[in-house]
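The values are calculated or read from the model by the stated rules, or taken from the named source; none is laboratory data. Everything quoted here is computed from the prediction, not taken from an experiment. Cβ sites come from the backbone with ideal geometry, for glycine too, and all protein chains shown count toward neighbours.
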Amino acid sequence: MLAHVRMLSSRDAVQALLALTIALPLAGAGLLLAHGGGTHPRSASQDHSAALAHPKAARAAPATSGTPAAVARQTASAIVRGPAGIHVKGAALANAATGRILWSTDLTTERPIGSIVKVMTALVVIQAGDLNREITVPASVTAYLDSQDGPSTAGLVIGDRLTALELLEALMLPSGCDAAYTLAQAYGPGTGAFIAKMNAEAQQLGLAGTHFSNFDGMPWPSEYSTWSTPADLITLGLQAMSYPVFAAIASQARYSLPAGDGHHAYAWQNTNPLIGSYPGTTGIKTGDTMAAGNCLLFEASRNGLTLIGVTLGTPGDDITATGPVATKVLNWGFSHF
């Protein structure tokens, strides 16, 4: 009788153990499903922020294809890989609302940035205020332009009187080095004092990987005298775009100024290849020199999401080469977040 009881007890124990063995994986699968297995890529990216920060960790642990864990890991891995076919020296893409970096390459590497410098030039002027003040285009701008190698200009005429706001248009849209010089002379006062203000603002913003030796991004005193990083440029771009006057200027395809009392007529086109070609583009600035290559700091909005990005050192004959690259980056961002 005792032996019979022991047999029943053993059988019951085995059945209980078998039931537990079956139940635990089912419960585990339920937990995985409840915590993001098979979710939309946007949800998966939010649940795997650690993986995004450490791409190697996201790829380290293989999972059986088709399981909830595998789906989650594959989704995170796809996001970590970033946009395909991107050939740049440095880049980043961020959520403009939070500043969170969504993808990057050489995020903190210091590089020359060309005329993206003019974003800081505009920011210093806007923060100083008095944008309705009239400023005369100085005769000394001619000697300055002559000292540079092929600077982009707004075609300003010596002696013309324009408001600071109009000069900001000339600075940002055609990337006018003559406008940058005129503003720096007025708001420094003098170019040296103005450059000091640019670096002070960079320090205030915590841009530890940024230094300005000029106000327009031209390669002086040398090709590598002014530099920044993708991370710093995202911060700078967010700060500049937070000012409505800057955002309004940066988003324009063109600006026309009729001849008026004290100045000639001007018409300026935006050098940003995304303006007018990529729906939702809101800014912000191009840049290129021999050392910097083709550079673009850009922002676009779609379905309530605003992304800000930067590409440095895009290969190509001119600044239009940045358009297709930025388009790939933005399309990737909008499709995953």
Candidate set from the range 105-131 (those that are buried (at least 20 other Cβ atoms within 10 Å of the Cβ) and of a type outside the set (A, V, I, L, M, F, W, C)); member that is farthest from Ile195 (Cα to Cα): Arg111
Say whether the condition of being farther than 19 Å from Thr286 by Cβ, in contact (Cβ under 8 Å) with a residue 24 or more places away in the chain and among the charged types (D, E, K, R) is met by at least one residue in the range 243-258. no
Residue that is more than 24 Å from the chain's Cα centre (by Cα) and β-branched (Val, Ile, Thr), where the choices are Ile101, Ile113, Ile158, Ile126: Ile158
Scan of the range 109-150 for residues that are touching an Asp or Glu at 6+ places or on another chain (Cβ under 8 Å) and closer than 28 Å to Ala208 by Cα, ordered by number: Pro112, Gly114, Ser115, Val117, Lys118, Met120, Thr121, Leu123, Val124, Gln127
Out of the range 302-324, which residues are under 13 Å from the mean Cα position of the chain (by Cα) and either farther than 20 Å from Asp216 by Cα or not polar (S, T, N, Q) (or both)? Thr306, Leu307, Ile308, Gly309, Val310, Leu312
So which of Leu162, Leu156, Leu173 is touching a helix residue (DSSP H, G or I) at 6+ places or on another chain (Cβ under 7 Å) and at pLDDT 95 or above? Leu156
With the range 199-314 as the region, which strands (runs of 3 or more DSSP E) entirely inside it contain at least 1 residues that are loosely packed, with under 14 Cβ neighbours inside 10 Å? 254-257, 266-269
The lone exception for Asp149 - which of (1) surrounded by fewer than 18 Cβ atoms within 10 Å (Cβ to Cβ); (2) modelled with pLDDT of 95 or more; (3) more than 13 Å from His263 (Cβ to Cβ) it fails: (2)
Could you go through the range 220-242 and let me know if any residue there is more than 30 Å from Gly99 (Cα to Cα) and in contact (Cβ under 8 Å) with a residue 60 or more places away in the chain. yes
Being in contact with an Asp or Glu (Cβ under 7 Å, 6 or more places away or on another chain) and farther than 19 Å from Ala250 by Cβ is the filter; apply it to the range 154-180 and report the residue that is surrounded by the most Cβ atoms within 10 Å (Cβ to Cβ). Leu156
